[in-house]
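Step one of this worksheet: look at the structure below.
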Amino acid sequence: MDAKYMIFTTKHHDGYALWPTKYSSYNISNSPYKKDIVKEVVDAYNAEGIDVYLYFSILEWNNPDYLSKAPETEEEKKKYNRFLQYTKNQLLELLQNYPTIKGFWFDGTWDKSWVQAYEFTYNLEKELREKHPGLII
């Protein structure tokens, strides 16, 4: 049986991005490899007619704005809102950089901080699907 799709990890819980994201220096462009491995993988699988989905961890343990608990104080809320905007920016960047992907596979959505951000996540999902009709999440 031939492969129909593949899921490629773009960023795991430590926050290291395997694409040259402009939103963090903690990415592959600052490694000895330097090249955009996500682009290489997406292009190679597309060339073979295999759909690509991108795995993306919502958790980011190395980001100073990330919180696992629901933010309580005004400072925590400002901090976490910066993290939410950063996450949105990276997801939109992935859609822009790799427009042939079929969808996202999210991980780490169980933390209280993410769960309580339901209005943000609802709107983010709508925006991602507006920019990429047919996107599977």
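Just checking, which of THR100, THR87 is part of a loop (DSSP other than H, G, I, E, B) and closer than 20 Å to ILE7 by Cα?
Of THR100, THR87, the one residue that is part of a loop (DSSP other than H, G, I, E, B) and closer than 20 Å to ILE7 by Cα is THR100.
May I ask you to list the residues in region 86-112 that are more than 30 Å from GLY49 (Cβ to Cβ) and in contact with an Asp or Glu (Cβ under 9 Å, 6 or more places away or on another chain)?
TYR86, THR87, LYS88, GLY108 - these are the residues of region 86-112 that are more than 30 Å from GLY49 (Cβ to Cβ) and in contact with an Asp or Glu (Cβ under 9 Å, 6 or more places away or on another chain).
Anything in region 109-137 that is surrounded by 16 or more Cβ atoms within 10 Å (Cβ to Cβ), touching a strand residue (DSSP E or B) at 6+ places or on another chain (Cβ under 9 Å) and assigned to a loop (DSSP other than H, G, I, E, B)? List them, or say none.
Passing the criteria: HIS132, LEU135.
Restricting to region 97-108, name every residue that is loosely packed, with under 12 Cβ neighbours inside 10 Å and of a type in the set (Ser, Thr, Tyr).
Result: THR100, single match.
Among the residues of region 79-132, write down those that are closer than 14 Å to LEU59 by Cα, touching a residue at least 60 places away in the same chain (Cβ under 8 Å) and of a type in the set (D, E, K, R).
Correct list: ASP107 only.
Among the residues of region 7-56, count how many are crowded, with 17+ Cβ neighbours inside 10 Å, assigned to a strand (DSSP E or B) and of a type in the set (A, V, I, L, M, F, W, C).
Number of matching residues: 5.
A short reminder: the numbers here are calculations on the coordinates, not readings from a lab. These figures come from a predicted structure and were not determined experimentally. Heads up, the Cβs are rebuilt from the backbone with ideal geometry, glycines too, and the neighbour counts pull from every protein chain shown.
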